[in-house]
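Everything on this sheet refers to the single structure shown next.
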Amino acid sequence: MFLKKKQNGHLVEILGLGDLFNPIHKLVPGRLHYGEEMQDPEKFDKSDLVFPSGEDLPRCWVDPHYRDSELKK
């Protein structure tokens, strides 16, 4: 899966989808895709990533408390 960095628009290949979908994990392993050589894997903060369309990541991927309000009912 590819996402892009908010600051510069560079594409990031996500290497750990489980980390991406888990709201407790703030960092996700990935690899930048720019230039001619394959970049080394590194960790990216999910708050710095968006879909290639510019849409933010779903709240259930980034906020471990996204359903807390339902517990109060």
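The values are calculated or read from the model by the stated rules, or taken from the named source; none is laboratory data. If you're wondering where the values come from, they're calculated on a predicted model, not measured in any experiment. Here the Cβ is made from the backbone with ideal geometry for all residues, glycine too, and neighbour counts use every protein chain on show. These accessible areas exclude ligands, DNA and RNA; they are computed on the full protein's heavy atoms, side chains included. Shrake-Rupley method; radii C 1.70, N 1.55, O 1.52, S 1.80 Å.
Within a straight-line Cα-Cα reach of under 12 Å, Lys4 can be paired with the following aspartates and glutamates, leaving aside sequence neighbours fewer than 8 residues apart in one chain: Glu13, Asp45, Asp48, Glu55, Asp56. Using Cβ point charges alone (K and R +1, D and E -1), the dipole size of the chain about the Cα centre works out to roughly 400 debye. Protein-only accessible surface at a 1.4 angstrom probe places the residues Lys5, Lys46, Lys72 in the order Lys72, Lys5, Lys46, largest first.
Orientation-averaged projection of the chain equals 5.2 nm² [convex hull of Cα atoms, one quarter of hull surface area]. When the alpha-carbon atoms of the stretch 17-56 are used, the pair Rg, Dmax equals 11.3, 34 angstrom.
Annotation for the stretch 33-71: GluC sites (Glu not before Pro) lying in DSSP loop with at most 10 further Cβ atoms inside 10 Å of their Cβ are Glu36, Glu37, Glu55.
Might you tell me the accessible area per residue for the chain, computed with a 1.4 Å probe and given in Å²?
Working: 5150 Å² over 73 residues.
That works out to 71 Å² per residue.
What chymotrypsin sites (Phe, Trp or Tyr not before Pro) in the chain are in a loop by DSSP, with at most 12 other Cβ atoms within 10 Å of the Cβ?
Those satisfying the criteria are Tyr34.
Starting from the Cα of Lys72, draw a straight line to each of the lysines and keep only those under 26 Å, dropping any in the same chain fewer than 8 residues away. Leaving aside lysines fewer than 8 places away in the same chain, those within reach of Lys72 are Lys26. Rolling a 1.4 Å probe over the protein heavy atoms of the chain, with every protein chain left in place, gives an accessible area that is 51 percent carbon and sulfur.
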